[in-house]
Structure formats: C-alpha cells, structure tokens
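The structure appears below as structure tokens.
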Protein chains: 2
Amino acid sequence: MVNNRNNSEHVFTIKEVAQLAGVSSATISRFINGKMNRMSKETAAKIADIIDQTGFVVNATARQLSTHNSQLVAVVAADIDDYFSTEFFKGASSVLEQNQLTAILFDSNSDKKRELTNLKIINHQVFDGLIIQPLINEQSELRQEIRQGLKTIIVDRDLHTQDWTMVTTNNYSISQQTAAYFRQQQFDDCIVISEAVTGTSTREDRSAGIRTVFPNASLIEIDNSRPFIKENEKKALAMIEKNRAAKRKTLFFFLKERLLLAFFPTFMHHDLLSAPDIAITAFSDTAIVKRLLPDSKLIKQDPFLMGATAAEILADRINNQQTPNISSNQIVIPAKLQ
Amino acid sequence: MVNNRNNSEHVFTIKEVAQLAGVSSATISRFINGKMNRMSKETAAKIADIIDQTGFVVNATARQLSTHNSQLVAVVAADIDDYFSTEFFKGASSVLEQNQLTAILFDSNSDKKRELTNLKIINHQVFDGLIIQPLINEQSELRQEIRQGLKTIIVDRDLHTQDWTMVTTNNYSISQQTAAYFRQQQFDDCIVISEAVTGTSTREDRSAGIRTVFPNASLIEIDNSRPFIKENEKKALAMIEKNRAAKRKTLFFFLKERLLLAFFPTFMHHDLLSAPDIAITAFSDTAIVKRLLPDSKLIKQDPFLMGATAAEILADRINNQQTPNISSNQIVIPAKLQ
DNA sequence: TTGTACGCGTTATCAC
DNA sequence: GTGATAACGCGTACAA
C-alpha cells in the first residue's frame, strides 16, 4: 500500500479522519489499536485508505494522557563519554526494543545537578520505567528524586537496599582476585590509579578488594578535569624508582580504562611496558588496551549484558505487571580476568 | 521552604490542589506558570504551601496536549560509541539547557532501521525541535521521515539542500590541506584507511579532498564489524615494503580515530612510529592519539562546538519564532591541523 | 483578583 | 458493528 500522504503542514486528528471516512472517532480508535475483531471488512478498508491518504499518525501525548502509559523507558547514564555507559544503554535498548518498549537516553554528564534535572523531567513525563546508573550514592537521597510508583532498576551501583532491583558487577571480588593473581607473581607493591574513590560505590568496592591483598597500596588520584597533568606521571615514576631501589616489583592497577590510556605514552616512552618488574592491569571494557598490551591480564566487565539484564527484568515488570521478587533483588554480572 | 511531600503513591492533580487551597484550578495554573502579577500575596502563599505539602508536580503530558509544545528537543546521534556523537550531544545539550530547553538523546546505533524507528517516535511525540546527525544521506528520503513543521537542524552531514540548516565541518578542504602538507614533505604515496566510503558524505568529502593531492591513493576499507582483522594489517605492511623498495615515503591517512587506534599496536610492534619514511595522520577528536604520537600532525574537529552551534540556532528559532535564513543555511565549523 | 467553561487528541464505557 | 460521550490533566479566553 503506497503512502500517499500529502505534503501540507496539516496534522490530522482522529476526528478529522473519522469524518473523512464517514465513521465515528471511536471506530478509528479501534482500528489504530488493532481491535479489528468487531469491524466490517469494508470500514476497515475504508479507514486504512483514508489514513494512508492523510498520513495520519496518532498523537502519542493524547494517548498517554488517556492511558497513563507510553511504552517509553528512560535510561539515565552517568556519563556517555564512558564506554560502559553507552554499551550498557545499547544492551538495554536492544532488549527493550524486543519487548515493544523504546529506550530514551539521558546523560548525567558526571554531574549530580544534571542528574537531578534529568530525574525531574522523567518524573514529569509519562515513562513506563526507569533504568539508572546513578551518581547519587545514598539510597535515601535517590529515593526522594524518583517518583513513587515508577518501576526502577539500578545499574552498576550497590545502594545497599532491598527497595530497588540492582544489576551490578563483582567489583570487590574481581579486584581481590586480580590483586591476588599478581601478588602470587611476587609483585609486592601496588599503585592504584583512580578518580576520587570516596563516594562512588564501584570505586570504593574495587579499592577495598585490592586492599585485602595489598593493604598498603598507594593511590594516585586523578582530577577528572585534568587527567593528563604531568604531576601524576612524576609521582608514578618516582614510586617505581623507589621500588626498584628496594628490589620490589610494582603493580599498576587502573580502576578505569581511560586512565590507563592517559598513562600509556609515559609507560611507553620510559620503556616500562615489558619491564619484568612492572605490571599493568586495569578495568578495561574495550578491546583497545588488550591490543596495546597483548600480554597483559585485564578485567573485563560486560556492560552490554548488564543493560540487557536490567531491561529484561524491567520489561517483564512492565508488561506482565510482575512485582519485584525480593529474593532476587540483586543480580551480579561477573567481570572476568583475561 | 522545606518540601514536605508525603510518601503516599498518590499523584496530585491541579484540581485537587485547587480544592485543598480553596481556589479554582485556573488560579493554580496561573501560579505554576509564574503569572503572579494578578494574584494576591495571600493566595500565592497559600498555594505555595499546599503545593509544597502535596509534592504536586505538573503533568507534562497534559500540558503538552494543551500547549502543543514541550520544551523538549530530540537529538539523534549516528552512534554514541563515537566520541564525535557524544561530544556533539554534550555541546547541544549545554546550550539548550541555557535556553530552558531539554535535550533528549536518541542513538541510531549506526543502523538505518533504528534511525527510522527513532524518527517515528519523535514524530509521534511533541518535540519542539530536532537536531540530527543522520545516517540517511539522501535529502528526499530523509524529508519523508521528518514530520512537517518540526524545526530541524542537520549536523555533520552535507545533504546539498537549502531546506534545512546544516552545521558541518570543512571535511573536503581540511583533508586536502593535510594531504598537501605531507606531499610537501616528500610523501609520495598515501594509504587511506576508512570504513566504507561510499554513502556517507563526510567520508566521501574527506576522500575526495585527499585525492586532489594523491590521485592514486590506495584504500584499505575496514569492515566495521571486524575492525581488528589481521588481513588489513598485512595489506598495510605489504604496501610499506613495496614503497620502501621503490624508495618512496608512505603516508597513512586514517579517516577515523578509532581505526588508527586499531592499527597502532601493529605500527608500534613493527617500529614504524618514528620511521622517517612513514607518517601517520588522522581525524582525531580526543586527546589520546596526540598523546600516543606527540610529534604527529592530526586533524581535530570540534564536535562540541558543532552541537552548541546547532543548538543555538534551534533555540533561537524555537523561542523567537525565527524562520530559517536561507543565506546562512550552512554553517561550517572548521577542523584544524595541529 | 479569581472563577467558569471549553479545548487539546485519545481511549473506553456505555448504549443502540 | 458502530456511535455518543465522559474521562485524562492542564491552559486560557471570557466573565465576574
């Protein structure tokens, strides 16, 4: 059936279509909602024809006002500059699509104020569900900002609560496991490189896991706004020197891929990449680092699967009116050391 | 003023608030829309109090149905895995925010079908404007998919039309300029590395610009789904050997940063990074490559500024009912060789 | 300064 | 099978 929609600016309403088809608006509504069981072939054909000619599309806003649902799911990412965020969105998006739901992405831009704005908008609109990788790390605080009754899944953050379903990674144990692996290889000193650790559950968990093995691990904290500052590199090099003087082997543990990328040139220029007394590991989701350091052991999360898992639970809850099952309120998608 | 919203599931409507405040719903409406000029201090205070107690928020859907606008702008990105896309969104988003508009991000995931789905949703909802980095490269085709009357700005694609305002980069001339720069340094052969060139205006323009200087440039075309395939690297190494045998210097011209990153390890392991007869250049928006190759000359676009520029024009058009000015329908944000 | 009443475009419950 | 018509929650003349 060719779509002959004319080119005028006019947007047709259900009423106008009804008039043109010589039926009532109720019948049009039935037609566009696929309730053909009680409708003559002739009227159906007639209506199809008119809709085709006019290029009529339903006004989703009016429909939402009437039905109180939208088939729309809001996905709030901490920062779309991170591969984790975009990939987790893509996972969620693809599963939601299979369930006749549409994912809409909001970027908090690593900014709590922005996250609040996003949540405010989401509360005002008719979203059937929410998947969020929150910046706010206090469950009581976050609770304030999410409209009651909005079906919500938390991703990548452990808020220590039963109120929401959470899809997380085994940050603590994989960090511990990785640290132990290198400890066994006689690496006696560990330098953790991360953005501000306190206040973000993922980084706190990772750091804690490492410290069960390296209680005295040092920390180089990166200021997000100036990741490439020379100061940091000097600190790292100085630590290496100190360890070398003491005949100790040094492990660099990057809590985020981007930070390793920032340090990589320095390591390269100082010929540290294949030094036997230096090891580098990192949380690294993309393939880039593994290509740069083919012999390295890296921690790989599965953000796509995390998003997909969150979406599956949410879709089920939306379409089948499932209520959260307390016993399975936290799903852990394990990261792998490889 | 403390927000004492109670914790019940109930969502208050304007009518209920009106009743509680002992005024009509019209007065509440005036209050929430800031029309305080004609309202007694007392009623205003009373209303503020009730709104505070009830935690009332306006139903954006109902408002949209009534006003036909939403203060929402849809931003459609080609693929949020690309730094360009996310950065252009962040630019647009920040400017829109300053204009009391909210940017909502749709990801086409490098998939034309997905782009169509996104546009369909956008057509159904009440968006005040659209900023799109389209996958569809035919203006007539794209025209079909965008609702008449939707204020639209095209980013990063030259659709060769006056119908829309377009914000683009000087892909052609910067490529030419860069090629010329290396030509002058006695690089006699150029190898272009890109995803499929035909069908995407940006890549076509870049390739054409290069070919004005290197008419015989070879092309290594990367299959997006298998960027790391060994085949490509072998091809590159073979070309180098051939050129070396003929005492020719070779320029590698990557049309996308990610591709250079994919090849980088190979170049590194074959000691090609500082070989005098090999040069590497690329369209490279992030700081990573420049750090990896501090002495290289790279092309840097400004996606943030492109998004911001698009948003500025759109915001002006939405808020001031400006109509497009034909004479300035294409804005070029130049990339720089640095 | 405030209230009444209608419209926005759909859906859904009755009737017929 | 189909048609009136009352919601849905808000904005806005027009009155008062």
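The values are calculated or read from the model by the stated rules, or taken from the named source; none is laboratory data. Here the structure is a predicted model, which means the values were calculated and not measured. Quick reminder, even Gly has a Cβ in these numbers, built from the backbone with ideal geometry, and neighbours come from all protein chains shown.
Applying the criterion of being closer than 18 Å to residue B:124 by Cα and in a helix (DSSP H, G or I) to the residues of the stretch A:40-58, the residue that is nearest to DNA strand D (Cβ to nearest atom) is A:51.
None of B:66, B:24 is among the hydroxyl-bearing types (Ser, Thr, Tyr), away from every other protein chain (no Cβ under 11 Å) and either near DNA strand D (Cβ under 7 Å from one of its atoms) or touching a helix residue (DSSP H, G or I) at 6+ places or on another chain (Cβ under 7 Å) (or both) except B:24.
Taking first residues from the stretch B:25-39 that are within 8 Å of DNA strand C (Cβ to nearest atom) and partners that are assigned to a loop (DSSP other than H, G, I, E, B), the Cβ contacts under 8 Å between residues at least 6 apart in sequence or on separate chains come to B:27/B:39; B:30/B:36; B:30/B:38; B:30/B:39.
Looking only at residues that are β-branched (Val, Ile, Thr) and touching a residue at least 60 places away in the same chain (Cβ under 8 Å) in the stretch A:239-291, which one is surrounded by the fewest Cβ atoms within 10 Å (Cβ to Cβ)? Reasoning before the result, please.
Filtering the stretch A:239-291 down to residues β-branched (Val, Ile, Thr) leaves A:240, A:250, A:266, A:278, A:280-281, A:286, A:288-289.
The next check asks that each one be touching a residue at least 60 places away in the same chain (Cβ under 8 Å); those that pass are A:250, A:281, A:286.
On the way: A:250: 24, A:281: 24, A:286: 17.
Among them, the one singled out is A:286.
Under the condition of being in a loop (DSSP other than H, G, I, E, B) and of a type in the set (Gly, Ala, Ser), the residues counted in the stretch A:23-39 number 2.
Counted as qualifying within the stretch A:87-184 are the helices (runs of 4 or more DSSP H) with 3 or more residues that are outside the structural domain of residue A:76 (by TED's automatic domain parsing) and either of a type outside the set (Val, Ile, Thr) or touching a Gly at 6+ places or on another chain (Cβ under 7 Å) (or both), namely A:171-184.
Output the residues belonging to the stretch B:74-86 that are in a helix (DSSP H, G or I) and surrounded by fewer than 22 Cβ atoms within 10 Å (Cβ to Cβ). Show your work before the answer.
Start the filter on the stretch B:74-86 by keeping residues that are in a helix (DSSP H, G or I), which leaves B:83-86.
Matches in the stretch B:74-86: B:83 only.
Within the stretch B:287-307, the set of residues being under 19 Å from residue B:209 (Cβ atoms), aliphatic (A, V, I, L, M) and not in a loop (DSSP other than H, G, I, E, B) comprises B:299, B:306.
Using the structure shown, decide if residue B:258 is assigned to a helix (DSSP H, G or I) and closer than 30 Å to residue B:154 by Cα.
yes
Of all the numbered requirements in (1) within 13 Å of chain A (Cβ to nearest Cβ); (2) surrounded by fewer than 23 Cβ atoms within 10 Å (Cβ to Cβ); (3) touching a residue at least 60 places away in the same chain (Cβ under 8 Å); (4) in contact with a helix residue (DSSP H, G or I) (Cβ under 7 Å, 6 or more places away or on another chain), residue B:102 misses one, and that requirement is (3).
Yes/no per residue for (1) assigned to a loop (DSSP other than H, G, I, E, B); (2) within 29 Å of the chain's Cα centre (by Cα):
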| site | (1), (2) |
| --- | --- |
| A:226 | yes, yes |
| A:236 | no, no |
| A:243 | no, no |
| A:262 | no, yes |
| A:266 | no, no |
| A:275 | yes, no |
| A:280 | no, yes |
| A:285 | yes, yes |
